[in-house]
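The values are calculated or read from the model by the stated rules, or taken from the named source; none is laboratory data. Computed from a predicted structure; not experimentally measured. Cβ sites come from the backbone with ideal geometry, for glycine too, and all protein chains shown count toward neighbours. Just so you know, the surface numbers come from the protein's heavy atoms only, side chains and all, with ligands and any DNA or RNA stripped out. Shrake-Rupley method; radii C 1.70, N 1.55, O 1.52, S 1.80 Å.
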Amino acid sequence: MSDCLFCKIIEGNIPSDKVYEDDDVYAFKDIHPKAPVHVLVIPKLHIATLSDCDDPALLGMLMDRVRMIADDVLTLEAGYRVVINVREGGGQEVFHLHIHILGGKKLPF
Ligand code: AMP
Ligand code: ZN
């Protein structure tokens, strides 16, 4: 989508600190990290928000990639938190579905 920040990051038109990429997803460091490790995992397909996605296979694929990136790429052996902010009430600011991986310290709830 032409006016979407995260689509532009996937296309390489806006720089990012990439940690992982395959045919389906792109993962990069959050520009304003809320924890020592803060990575965003996004589908390459533009989906504005979780509420817009009724594709169980795509959602399952995303969660599987999140697990693999957190455990195998970021090696967050002590554990981590996975967060999806949904629409304005959930604190979503960028309207391209993204999953936050937070770790690197013990996280307060
Ligand atoms: P959310 O509030 O769930 O929509 O989260 C959006 C996240 O995107 C925030 O944590 C921002 O810090 C992050 N962000 C915004 N612009 C960029 C960027 N250009 N590169 C990396 N992360 C970004
Ligand atoms: Zn997009």
TODO: Confirm whether Ile9 is in contact with a Ser or Thr (Cβ under 8 Å, 6 or more places away or on another chain) and within 24 Å of Gly104 (Cβ to Cβ).
DONE: yes
- [ ] Quick one: count up the residues across region 65-109 that are in a loop (DSSP other than H, G, I, E, B), among the small types (Gly, Ala, Ser) and away from ligand 1 (no atom under 12 Å from the Cβ).
- [x] 3
TODO: Identify, by number, the condition in (1) open to solvent by 40 Å² or more (accessible area, probe 1.4 Å); (2) free of Cβ contacts under 8 Å to residues at least 40 places away in the same chain that Val73 doesn't meet.
DONE: (2)
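Can you tell me how many residues in region 54-64 are under 16 Å from the mean Cα position of the chain (by Cα) and outside any helix (DSSP H, G or I)? Let's see the steps before the verdict.
Residues of region 54-64 that are under 16 Å from the mean Cα position of the chain (by Cα), as a first pass: 58-64.
Within this subset, residues satisfying the condition of being outside any helix (DSSP H, G or I) are none.
Here the count works out to 0.
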Task: Looking only at region 23-52, and only at residues there that are within 13 Å of ligand 2 (Cβ to nearest atom), in a loop (DSSP other than H, G, I, E, B) and in contact (Cβ under 8 Å) with a residue 40 or more places away in the chain, the one that is most open to solvent (accessible area, probe 1.4 Å) - done: His46
Open item on the list: Residues that are of a type in the set (Val, Ile, Thr), touching a Cys at 6+ places or on another chain (Cβ under 8 Å) and within 15 Å of ligand 1 (Cβ to nearest atom): does region 41-52 have at least one?
Closed with: yes
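Right, Ala78: under 17 Å from Leu107 (Cα atoms), modelled with pLDDT of 95 or more, open to solvent by 70 Å² or more (accessible area, probe 1.4 Å) and of a type in the set (Gly, Ala, Ser) or not? I'd like the intermediate steps shown before the answer.
Details: under 17 Å from Leu107 (Cα atoms): yes; modelled with pLDDT of 95 or more: yes; open to solvent by 70 Å² or more (accessible area, probe 1.4 Å): yes; of a type in the set (Gly, Ala, Ser): yes.
In short, yes.
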Open item on the list: Of everything in region 12-22, what is within 13 Å of ligand 1 (Cβ to nearest atom), under 26 Å from Gly104 (Cα atoms) and open to solvent by less than 60 Å² (accessible area, probe 1.4 Å)? Give them in sequence order.
Closed with: Ser16, Val19
